[in-house]
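Remarks on the structure that follows.
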Amino acid sequence: MSIRDSDVQRVREATDLVALIGRRVSLKRVGSRHVGLCPFHTEKTPSFSVNGAEGFYHCFGCKASGDAITFVRETEHLGFTEAVEQLAAAANIELAYDAPGAQHANRHRRKLMDLLELAARYYHERLMSSPDAGEARAYLRKRGYNRETVVKWRLGYAPPLWDALCQHLGAPVDLLRKAGLASAEQESDFFRDRVMFPICDAGGRVVSFSGRVLPRSGEPPPKVPKYKNTASTAVYDKSKVLYGLHLAKQAARKSERIVVCEGHTDVIGCDSAGISEAVATCGTALTKQHAELLSRSARRIVLAFDADAAGQTAAERVHQWEREFGLDIFVAVLPPGSDPGDLAASNPPALRRALDEAQPLHTFRAERILERAELDSPSGRDRAADDAAEVFAVYPPEILLDGDLRPIADRVPMDVEKFRERVDAARHRLDDRAAAERQRETARSYEAADHAYSDDWYDDAGYSDYPGGDYDDTGYPKDGPPYANDGSDPGSGSVETRTSRSQRRSARQRKPDARKQAETDLKLLAAAASPHSDVIGLMVPEMFATSAGREAFAQMTNDEGWRERAATAGRSSQTNSSGGDPEQDDPPDATVDPVAELLLDADVAGAHVSEEDAKDRVAMAMWHFVRATIDSVSAGGDIPRMELDPSLSADAQFEFRHQCLRWLREREPELLDLDKRIGAVQDVRDWLDSLSAPAPTG
């Protein structure tokens, strides 16, 4: 779902960045800027600078920087679209979307979330004041939940009546079903006679519910599931939501850790015990999306799963994301038969001690291997040593200390150096398996290379990122510019769109193909060689993917006779193909002209490229170059052809980089505008020439 760039810009301009950040950070005005303690890392001396006039912030300590949208994304853990929508709602701006049906889909999502918010209020008010919620209130008091806890977590009660919520909301039943509030089989409430736990996204918006059956004194337990949860909806995917994250993320920044539990009551119990950085999965195992969410709040992750076999096994599965997201994962060892919620109520100091003394994940996994091993026999110890060694083999040898290996070596038992040799051998086995998998992947990629090339990257014009090259009569994709919605910058689209295109780009990166890269260059050189228009003056070397293309372009710009030599090469090619002496085609001592060779291969001399097509191709190539430059500079990379003067102050460097970014972002849409694209191309070319020109003297 792609929000129109013009609306994104309207949201930026309408948002008071100082007021937005001031709600989280105490800011003090210093000259034209505001400064304060950085919300993204712990510091005692303010290094966080906010420029309200220009709409940018920057931390000179941790290098965090961005605009209002970036700030909301980082602090609220939202995607680009969600962050823009939140700011737009605050500014009372109606957003427009580019993708077909996106406007309707967004309105539908907003309707569902409005209904869910109203339902949460209804359930909460019912619990707080309704006479029929007396037993629910008594149950919560028995669990140790006081009024403050109930209000903070917005707990509620769904009455036993058949359709109390449906009648209260008065919305169409079909819409209530899509929100997960009405039964799919009949026109009735989905939750009845249950204590309600509203589940919020990272921004604090209600997206689903979990209902706990209410036990009644003197009655046998009802023959229904203890917990009933909302199924997946247009606004809720349990693999992407962590219960309590909206409340835990601020505490996580202070404690520099997040505690991950399995259930809602575990999180509430931890919070009551003073451990406010706790979250929980919503009835599912920890997923990759969860790990990515956690990485935005803290690096240290403590898994506080139940002390049963299932909880311990679940803790072992997350090692695959430790290195991918830069996490330090630890496992809290709880007393047998306990869970964090029970321990928080019965012995809070024991819970805090278990969290503070949590084991590193690799130690926990290795010890679990030894617990299951037959250490009484030589063969059992041998297998256990090899299995435990594989746990450590993912780490480089230079960072593994004897202290990391000794506890496991002593339990086998085995000398530390002998165990290190096992780890080294396991590392070699892992490398061999990875190399074999890369070979298989390469073989598969070559089999599918032609298909992937034609469907996912270039079309006839050379620049489509859309399957099938679905272009309109202007030469641009019907659904918008390629890569414009990849999520890397303002104007990006939905999480689903970013993910699918990211997967296609990753697939291309795993399948390098020099021939395809050369074809990219040939298309650009063909545009430059158009007999109707000379657009070579608008091109820059950075447009070319291969060194041969850059070399040919350099020779073309420095040699006025290249067009004639290319035509001669083309006529020579046609003569040879019509019966010339093949032995004379390429004498052994001939000097191959890169320009003639590339243009000959592309048959440029005989190509018919219209003036408009040539300009379109150059404009699109320049768009890719500008887009890549924006991404690079935004991420702290260098400005092309330029080195900043190291004597400049940090403030001056920061301002210069953002002036550069603003200028490039203004050019970016112009390169896609049929009426402005050539002027924009010339502007970018002139800008690059000015950067590479010698400094004035005298």
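The values are calculated or read from the model by the stated rules, or taken from the named source; none is laboratory data. All values derive from a computational prediction rather than experimental measurement. Cβ sites come from the backbone with ideal geometry, for glycine too, and all protein chains shown count toward neighbours.
Figures for the structure shown
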read-out: Filter result for the condition that a residue is among the charged types (D, E, K, R) and in contact (Cβ under 8 Å) with a residue 40 or more places away in the chain, over 142, 152; value: 152
read-out: Selection count where residues are touching a Lys or Arg at 6+ places or on another chain (Cβ under 7 Å) and either polar (S, T, N, Q) or closer than 30 Å to residue 252 by Cα (or both), scope the stretch 166-196; value: 1
read-out: Only one of 115, 37, 27, 78 that is under 24 Å from the mean Cα position of the chain (by Cα), among the aliphatic types (A, V, I, L, M) and at negative phi; value: 78
read-out: Filter result (surrounded by fewer than 19 Cβ atoms within 10 Å (Cβ to Cβ) and not in a loop (DSSP other than H, G, I, E, B)) within the stretch 254-285; value: 254, 255
read-out: Counted residues, the stretch 368-384 - those being within 12 Å of residue 411 (Cβ to Cβ), out of contact with any Lys or Arg (no Cβ under 6 Å at 6 or more places or on another chain) and not in a helix (DSSP H, G or I); value: 1
read-out: Residue within the stretch 350-360 that is without any contact (Cβ under 8 Å) to a residue 40 or more places away in the chain, assigned to a loop (DSSP other than H, G, I, E, B), surrounded by fewer than 19 Cβ atoms within 10 Å (Cβ to Cβ) and among the hydrophobic types (A, V, I, L, M, F, W, C) present; value: no
read-out: Top-ranked residue in the stretch 169-192 [being farther than 15 Å from residue 118 by Cβ and either part of a loop (DSSP other than H, G, I, E, B) or among the small types (Gly, Ala, Ser) (or both); ranked as modelled with the lowest pLDDT]; value: 185
read-out: Of all residues making up the stretch 652-672, the number that are more than 29 Å from the chain's Cα centre (by Cα) and acidic (Asp, Glu); value: 0
read-out: Test set (1) of a type in the set (D, E, K, R); (2) outside the structural domain of residue 19 (by TED's automatic domain parsing); (3) in a loop (DSSP other than H, G, I, E, B) - residue 107 fails condition number; value: (3)
read-out: Strands (runs of 3 or more DSSP E) fully within the stretch 7-98 counting 1 or more residues that are within 23 Å of residue 296 (Cβ to Cβ) and at pLDDT 90 or above; value: 33-36, 48-51, 56-59
